[in-house]
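Inspection log for the structure reproduced underneath, given as structure tokens.
The values are calculated or read from the model by the stated rules, or taken from the named source; none is laboratory data. All values reported here derive from a predicted model rather than from experimental measurement. Ideal geometry is used to build each Cβ from the backbone, glycine not excepted, and the neighbour counts take in all protein chains shown.
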Amino acid sequence: MAKIEWMLNGTPISSDIDLSMRLLDYLRDHQHLKGPKEGCGEGECGACAVLIDHQIANSCLVPMANVAGHEVVTIEGFAKTKRYQIIAQAFIDCGAVQCGFCTPGMIIATESLLHHQPQPTISEIKVALSGNLCRCTGYNMIIEAITLAAKRGRGEW
Amino acid sequence: MKFQPDIGTPIPRVDAKEKISGAAAYINDIDMPGMLYAKTLRSKMAHGKIIKRHYPTLPEGYAIIDYRHIPGTNIVKAIYEDWQIFPVDEVRYIGEPILLVVGENKDVIIDILEAIEITYEEMEPQFEWIDSVIHYHYEKKHGSRPFADANRIIEHTYETGYQEQAYIEPQGMIGYLDQDKMTLIGSIQCPYYVKNAVLMALGWENERVRVIQAHVGGAFGGKEEYPSLIACQLAMAVIQVNKPVKLIFEREEDIIASTKRHPAQIAMKAAIDSEGHIMALKVHVGIDAGAVIGLSGVVLSRAMIAATGAYTIENLDVTGDVYRTHSVPTGAFRGFGAPQMMFAIEMFMEHIARNLGKEPLAYRMAYVAKQYDLTATSGTFRDPILMQKMIEEAMKRSRYEEKALQYQNLHRYQGIGMSFFLHGCGFTGSGEATTIKAKVRLRREASGVVHILIAAVDMGQGVRTAMRKLVAHMLEVPIDQVIYDLPDTDCVPDSGPTVASRTMMIVGGLVARAAQRLGMEPQIAVEIEETYHQPSEIQWDEARMQGDAYPAYSWGVNVVEVAVDPVTGEVSVVGAWSVYDVGKAIDTLMVRGQADGGLAQGIAYGYLEVMRHHQGKIQQRNLTDYIIPTAADMPPMETYLFDNPYAYGPYGAKGVGELTLVGGAPAIAKAIEMAIKRQITKIPVTPEMIMELMTHGED
């Protein structure tokens, strides 16, 4: 157990916590943030993705020790932004949501991509999604949604 | 009358917002006061006798649940009832669940699991396909008798491997007692399958078991029969501890222990006359059920009935066997036996043509089924078949001819392949009429709000959106006036399982009929019920496998283009084009979602997804080893729909979900054949297989 200072969804937070605990477990069990999902527990599927300092990370692989001094944003925190609204609407319009289990992770991947590259090419989108598995869509409608979000949100990123 | 757009015009998915925001509650997102956790102890042996069980002294509040806690029958209710809830004294596959450990703290549970000692006496495991438990046979017209007069006989044997459903959300369920009612919430496709299984395991009366669906994070058949096993085990635990218990699979146990697609071996033999025409086919399909037969007999019959794919062949002799082995049980997976057979027949037709020195496409086209032709089981294709036009469309959109000509003549390791296929909609044979007997209800409140009361599960295919849209459209009311909650067996009648591409055509057909009656009902607050009746012209003889195996068929054409790396044998999928006849799309965007996702699974089944066992031990144990497509693996996909309304489907709709998977593997296998100029008889076509074929293979 040790004390760490960090930011969670825009709020400074001080946690007295087992430093080896997975960030995913902390978020789901201690903060009741159920948006990040556990699909594999090995960093393969991306369903547990969160943003750490604007960069996508698989929270199942991040020990609490590593979030000290950093800013973590989950889908719940990101959902309060205008950029989220743009991405969410594009996902709806393009039919990019099916079972939905990978979707919060896909939204996080989209934000991480657009933060670093606001006008991505198709191949940049594919690379950005390569850590997020979806078994329902075959990805094309997700790629279209991201392209649409980038177009509609020009200037937001 | 108000202006009504075409029913197929896309609308936003009703549950999209809550899924995107992370608010939709999947099973692992649900917690209950005082809830305990369960974890499974699994067999490490493919076949063994349990000689002794050593259980440690348990700390307060922890329990071990095994076969001794089953009050009713130690069998999971499925079609072939050989699935033990917990083994008594014999394990039959690696990963078989032996017991549950239940308690509050997950670390303590792990410690207990590690302290349990099971002493086995090893028994000889059987992995050869010898022990046939189910054998079926049917013939068409003169059966195999034309072989006696054949000018030439051509034969090839085809093999297909395991495929893992790989839904991103692992299996999971919560059980609890509500007063004296056993209540189960789960990631499930078939609420009534779970309910009936738990009833039999408990031996309780009907009212005392209730099953509720949570949001389902993908299923693809993997949550058809398998969750019934988990539910039975969990119910025993709940009775013992009298607290809510949650059981969530880790990815590794999900992969090694849950059901997969049956590996198959399909031997095909054609009798050819002096002009090169096919006089008759003789087909044998063997499938590996693993240690549990379960649904395998039904999988076998769907495979056998698909023996001629989208073609009409005059004489047929088709046999099949389900083999029991000491490997992981296989079961339902989107396509349900058809993907294996569709691969075999599509490759065989190509190979016959090439063996005869004929142009394969023209040769195949001549056999494509036409309206009023007899089906493989001597039923009739009653409805119009648009395949000729669909094939033309697919060729035009993909520039098939131009590319094929170029790739055939140049050694550039590029190829393009085209598959023709169909899929029977609904349960095979008389299943809908005799076994399922689907029942649906619509209830209108005094406020005018209409509730759709059915047991169909939205596992991502969009059925909640489609059904609400259907009823809103028919009643000409806004969609928010129509409610369709996640099914709860205490609230909805048994409209059957969410399987077999039956939901829109069969259940939706009943819902549409109920909506029509509701529209004419003068009274506002009223409930309407509809029950399935087989159209009288559909006749099926189960014992002889003769007649109309399905009330209707959906049809498809897939074109897949590839490039093969001649140094590594790696395949890149360059493009994919599809044309489908699904009767009428209730939502074109959602049908496209099925089309893209189904084809991705079908293509990947053909070249990417490798799963094997060694002495009963699955070698690919996580999503690092078992590769499913990423965004980088999938090409742009174009899909075109042909309307061809079916009389009994709502607005003419037929089945969609499985159709979109069955053509992918043969299309890519044909494309790879063209690229490497070698004959392919096995999937998945891995880079190793390609390198081997290029060194030693036949043209």
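Points to keep in mind about this one:
Listed here are the residues, each with its yes/no results for (1) of a type outside the set (S, T, N, Q); (2) within 29 Å of residue B:167 (Cβ to Cβ).
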site	(1), (2)
A:17	yes, no
A:31	no, yes
A:41	yes, yes
A:48	yes, yes
A:60	yes, yes
A:90	yes, yes
A:99	yes, yes
A:107	yes, yes
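- A single entry from B:42, B:13 fulfils the requirement of being surrounded by 20 or more Cβ atoms within 10 Å (Cβ to Cβ) and among the basic types (Lys, Arg): B:13.
- Restricted to segment A:108-157, and to residues there that are among the charged types (D, E, K, R) and outside any helix (DSSP H, G or I), the residue that is farthest from residue A:80 (Cα to Cα) is A:135.
- In segment B:436-475, the residue that is nearest to the other protein chains (Cβ to nearest Cβ) out of those that are over 19 Å from the mean Cα position of the chain (by Cα) and under 30 Å from residue B:546 (Cβ atoms) is B:438.
- Residue within segment B:163-176 that is surrounded by fewer than 16 Cβ atoms within 10 Å (Cβ to Cβ) and either under 22 Å from the mean Cα position of the chain (by Cα) or of a type outside the set (Ser, Thr, Tyr) (or both) present: no
- Restricting attention to segment B:14-56, the residues that are assigned to a loop (DSSP other than H, G, I, E, B) and away from every other protein chain (no Cβ under 13 Å) add up to 10.
- Residue within segment B:607-623 that is closer than 20 Å to residue B:667 by Cα, assigned by TED's automatic domain parsing to the domain that holds residue B:339 and touching a Leu at 6+ places or on another chain (Cβ under 6 Å) present: no
- Residues of segment B:557-606 that are assigned to a loop (DSSP other than H, G, I, E, B) and either within 14 Å of chain A (Cβ to nearest Cβ) or closer than 24 Å to residue B:461 by Cα (or both): B:582, B:583, B:584, B:585, B:586, B:587.
- Selected residue [in a loop (DSSP other than H, G, I, E, B) and modelled with pLDDT of 95 or more] from B:320, B:335: B:335
- Selection status of residue A:105, closer than 16 Å to residue A:35 by Cβ and part of a loop (DSSP other than H, G, I, E, B): no
- For the residues B:646, B:651, B:640, the requirement of being hydroxyl-bearing (Ser, Thr, Tyr), in a helix (DSSP H, G or I), in contact (Cβ under 8 Å) with a residue 40 or more places away in the chain and touching a Lys or Arg at 6+ places or on another chain (Cβ under 7 Å) singles out B:651.
Residues checked against (1) within 27 Å of the chain's Cα centre (by Cα); (2) closer than 24 Å to residue B:593 by Cβ; (3) buried (at least 23 other Cβ atoms within 10 Å of the Cβ); (4) among the basic types (Lys, Arg):
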| residue | (1), (2), (3), (4) |
| --- | --- |
| B:635 | yes, yes, no, no |
| B:644 | yes, yes, no, no |
| B:690 | no, no, yes, no |
| B:697 | no, no, no, no |
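- Any hit, segment B:652-668, residues being of a type in the set (D, E, K, R), closer than 30 Å to residue B:47 by Cα and out of contact with any Leu (no Cβ under 7 Å at 6 or more places or on another chain): no
- Looking only at segment B:607-629, and only at residues there that are touching a residue at least 40 places away in the same chain (Cβ under 8 Å) and at the interface with another protein chain (Cβ under 9 Å from one of its Cβ atoms), the one that is surrounded by the fewest Cβ atoms within 10 Å (Cβ to Cβ): B:622
- For segment B:225-246, residues that are in contact with a helix residue (DSSP H, G or I) (Cβ under 7 Å, 6 or more places away or on another chain) and not hydrophobic (A, V, I, L, M, F, W, C) total 4.
- From the list A:72, A:97, A:50, the one residue that fits, being touching a Pro at 6+ places or on another chain (Cβ under 9 Å) and either within 12 Å of another protein chain (Cβ to nearest Cβ) or in a strand (DSSP E or B) (or both), is A:50.
- Residues satisfying the stated conditions in segment B:39-76, i.e. of a type in the set (Lys, Arg) and within 26 Å of residue B:205 (Cα to Cα): B:68
- Residue match in segment B:515-525 (condition: surrounded by fewer than 24 Cβ atoms within 10 Å (Cβ to Cβ) and among the basic types (Lys, Arg)): yes
- Verdict on residue B:282 being within 14 Å of chain A (Cβ to nearest Cβ) and either crowded, with 24+ Cβ neighbours inside 10 Å or touching a helix residue (DSSP H, G or I) at 6+ places or on another chain (Cβ under 8 Å) (or both): no
- Test: residue in segment B:608-627 that is under 22 Å from the mean Cα position of the chain (by Cα) and part of a strand (DSSP E or B): yes
- Strands (runs of 3 or more DSSP E) (entirely within segment B:57-163) containing at least 1 residues that are outside the structural domain of residue B:612 (by TED's automatic domain parsing) and free of Cβ contacts under 8 Å to residues at least 60 places away in the same chain: B:63-65, B:97-103
- Filter result for residue B:78 (surrounded by fewer than 18 Cβ atoms within 10 Å (Cβ to Cβ) and among the aliphatic types (A, V, I, L, M)): no
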